[in-house]
Amino acid sequence: MTYLSIICALFSGVSSVVFALNQDEARVSVAWSTKTPYQGSNPIVTVFFINDSPETLTIDYFGLNFDWMGSNSFVGLVLSDDPVFIPAYGNQYFPPVTVQIPEDASLGPHSYFVGIDGVQNESTDFSWSSPIITLVVESSGQDVYNGLVNQVAIDIAEAVEAEYQSSDAQLFLEQAENSYSQALSYSNQENWDNAISALQTASNYLEQADTEEQNYVDLKSEEDSLIIIVGVAIIIVVAVLIVIWVMNKRKQPPSINQPT
């Protein structure tokens, strides 16, 4: 990524530059890798350029200027070593660039525009800038919250579906659901710190619920195994006693009836 301080002169009204490309002879569409950029994030931006002029354009530089930057500072790419050629009424995607959203960028809307430098019809230098575009920057806390809330919701759904047998596990699951509800309430207030804390608490409760259920299942399995062993032992003992009784019965001499 190249920060286009080099092109600042092209936008500062230097006499050698001819502004040949009219504002309505080109358009841009900007695609962001994330729906909502956050403070301190580094989203990737792709610029789609449309040439509405009847002339071929050779693009040497393109960049984006945001309101948190100086008026002559750009973030973009130098293409002069491998310029992009756009035919009359044609279009072209420029290589993607990474934009760093400052940690201290104010929350809310920010303005920016796309600047293009190049040559029109192989003879006339031009500099062109897009109309102002609006970008909404949100709290970095919301980014963390969004990463947690869906996962916690999935974990809760899986825990409910598991139908815990342990009463302790059921209690921890109930506490996790309560913490999750608190997180949603905090998010509605845009209180991201408390929302994140509530989600982390919910996640901890879910881990404890899973541990309690596993311990309960293991203990119940051991008890069931012990019952089976004891039952088998009792059956064996009874069987042995029956065999002994039968054998003793057979050894007894038959009773003789005395004459009266």
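The numbers here are math on the coordinates, done by the rules we state, and not lab data. If you're wondering where the values come from, they're calculated on a predicted model, not measured in any experiment. Quick reminder, even Gly has a Cβ in these numbers, built from the backbone with ideal geometry, and neighbours come from all protein chains shown.
Quick query: amide H of Thr34 versus all other amide H atoms, modeled in the peptide plane; which residues come in under 5 Å with a sequence gap of 5 or more or a different chain?
Ile44
Taking amide H atoms as placed 1.01 Å from N in the peptide plane, list the residues 5 or more away in sequence, or in a different chain, whose amide H sits under 5 Å from that of Thr56.
Counting only residues 5 or more places away or on other chains, the set is Ala88, Asn121.
Between Ala239 and Glu207, what length in nm is gained on full extension when 0.36 nm per residue of separation is reduced by their alpha carbon distance?
Between Ala239 and Glu207, full extension yields 6.7 nm more.
Which far-off residues, 5 or more places away or on another chain, put their amide H under 5 Å from the one on Leu79, with H placed in the peptide plane?
Under 5 Å from the amide H of Leu79 lie the amide H atoms of Tyr61, Phe62, each far enough along the sequence or on another chain.
State, to one decimal in nm, how far the label point of Glu174 lies from the label point of Ile154, with both points 7 Å from Cα in the Cβ direction.
Each label point is offset 7 Å from its Cα along the Cβ direction, giving 2.8 nm.
Which residue, Val136, Thr98, Phe85, has the largest displacement toward the positive end of the dipole of region 61-150 when charges sit on each Cβ (Lys, Arg +1; Asp, Glu -1)?
Towards the positive end, the residue furthest out is Val136.
Report the Stokes-Einstein translational diffusion coefficient (µm² s⁻¹, integer) for region 2-137, Rh taken as the Kirkwood radius over Cα pairs, at 10 °C with viscosity 1.306 mPa s.
On the way: Rh = 15.2 Å.
The diffusion coefficient I find is 104 µm²/s.
Place +1 on the Cβ of every Lys and Arg and -1 on the Cβ of every Asp and Glu in region 140-247, take the dipole about the Cα centre, and give the residue among Asn150, Ala239, Leu199 whose Cα lies farthest towards its positive end.
Value computed over the given set: Ala239.
Eigenvalues of the Cα gyration tensor times 5, then square-rooted: what semi-axes does that give for region 65-190, in whole angstrom, largest first? Walk me through the numbers before you get to the answer.
Details: eigenvalues 524, 66, 23 Å².
Result for region 65-190: semi-axes of 51, 18, 11 Å.
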